Structure formats: structure tokens, C-alpha cells
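First up is the structure itself, then whatever we jot down about it.
The numbers here are math on the coordinates, done by the rules we state, and not lab data. Note that the coordinates shown come from a computational prediction; the quantities given were computed from them, not determined experimentally. Cβ coordinates were reconstructed from backbone atoms using ideal geometry, including for glycine residues, and neighbour counts include every protein chain displayed.
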Amino acid sequence: MIKDTLCSLRDEAYANFIRKLIPTVNPQTIIGVRTPQLRRLAKQLIKKGKENEPLAQLPHTYLEENLLCALIINEIKDLDALKQTLGRFLPYVDNWAVCDVLSPKAFQKQPTSALDCSLQNIHSAHPYTCRFSVKLLMTHFLDERFQADILFLPLHALNLHSDHYYVQMMLAWFYATALAKQWNDAVAFLEKGLLPNIIRKMTLQKARDSLRLSKEQKEYLKRFEP
């Protein structure tokens, strides 16, 4: 049983550490399995052709079961299978840790599919599905595929989740990353005043903490402070 395997890898000190990082998760559902061990287990299941076993057991009891599923999903190569599996799995994602581990490799070679997936899910009533959608945009469209219109897409996540802390934080992460990678366009976007005050404040804080922005850039951003 996969649960038995996960429990055999328990590290209670690590579990206590993770419980502090993910306060929205019931502490009793955190076993305390380190990520490298979860990655090895995911690879073993895939190698044995048993990758569907964890996905067939939704909903799960433990955080690590969901993390294991996310790591398996990351390895799915067929786009149709990936889309179908994401549709099954995302409604059960209930914390930032599982959401942010979820990063399908197939989208790296098929960015159009990543964009389609983001646009299909960014209006979801489920906050972590929205967070995942914004993360897709940040991961795949702030570098060589960047177009200025991308900066407007995360705003759709605010339609239903303007008060959800972990959606707010993802938007701030997105826009702070945009400032680091696409300075001119990101500054022009900020000047439009489209971000709610709380998102703007979070973005500026992340930008101040960033090692990828110069002192001059950080000084310039002070004009956007309230």
C-alpha cells in the first residue's frame, strides 16, 4: 500500500517543520516525507507502470499522497492524458505546497497547451486551481515567449478570489517576477493602476526582497507605494 510506504518514510522533525509552513492543512494529515524521497517513489511507481494507483485513490488522507500525485502528473507526456488528469486532480488541491509542486514537464515543449490550460482554469471557483493557472503563466510566459498582454491575464483570478491570501500571493509573485524579467513592460503595467492595493503592496514587497532587481530599480518602484 502506498500509504504504508509513505508512513515508513516518516520524519517527525520534518513533519513539524512542514506543519508550520502550511498552516491551512490539518497537522494530523502531514506524515513528514522529504521531497527527494517522494520524487524517488514517484519514479519507482512510473517505472513499474503503477503511476495510476495514487490517482485512483482520490480523495486522499495525507498531504504526501497529493504531493506524490503532483510529482507523477509532472511526468505525464501525453497532453490529452495530462489535461484529463489535471481535471481530476486540481479540485482536490487544498494548499499552496501541492499547487506549487505541480509543474507538468509536457508544457515546456507545448506552451500553447500551457496557455490553453491556464485560460480554461483561471476563472475556476476553486482558489488553488486559479493559483495553478497563474503559476503556469509565470513559468512559461515571462521569458522568451513573453508578450505584454500576458500581464493582464492574472487579473481574471481576482474575479472570484480577490480576498484569498494564497491567490493574492501568487499574483504578487507573478508581477514581481515580471518586474525582474520584463522590467519596462511590467513598470508600464503598474502605472496603469489596475492592481488592487493589497496586491500592489505584496508585489512591491517581493520586488524589494528580490536579488534580481538593482538598487536603482527598487528605488524607482517607491513611486508606486501608497
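Some values worked out for this structure:
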| item | result |
| --- | --- |
| Net charge dipole size for the chain [Lys, Arg +1 and Asp, Glu -1 on Cβ; Debye, nearest 20] | 460 |
| Candidate aspartates and glutamates - alpha carbon under 16 Å from Lys48, same-chain residues fewer than 8 apart omitted | Glu75 |
| Loop sites in the range 134-226: trypsin sites (Lys or Arg not before Pro), DSSP, at most 14 other Cβ within 10 Å | Arg145, Lys192, Arg212 |
| Whole-angstrom gap from the range 132-193 to the range 39-117, using each part's C-alpha centre | 24 |
| Relative contact order (%) - criterion: Cα under 8 Å, at least six apart; region: the chain | 12 |
| The chain: angle of helix 12-21 to the longest principal axis, Cα-based, in degrees nearest 10 | 30 |
| The range 60-125: trypsin sites (Lys or Arg not before Pro) in DSSP coil with no more than 13 other Cβ atoms inside 10 Å | Lys77, Lys105 |
| Degrees between helix 197-209 axis and first principal axis of the chain (Cα, 0 to 90, nearest 10) | 80 |
| Estimated vicinal HN-Hα couplings, Hz - the range 23-28 in sequence order (Karplus 6.51, -1.76, 1.60; Gly, Pro = x) | x, 7, 9, 4, x, 6 |
| Cβ-based charge dipole, the range 1-108, positive-most Cα from Leu71, Asn16, Thr61 | Leu71 |
| Integer Hz, Karplus 6.51/-1.76/1.60 couplings in order for the range 116-128, x for Gly and Pro | 4, 4, 5, 5, 6, 10, 6, 9, 4, 6, 8, x, 6 |
| Selected from Leu194, Leu119, Leu158 as most flexible by GNM, with the chain as the system and alpha-carbon contacts under 10 Å | Leu194 |
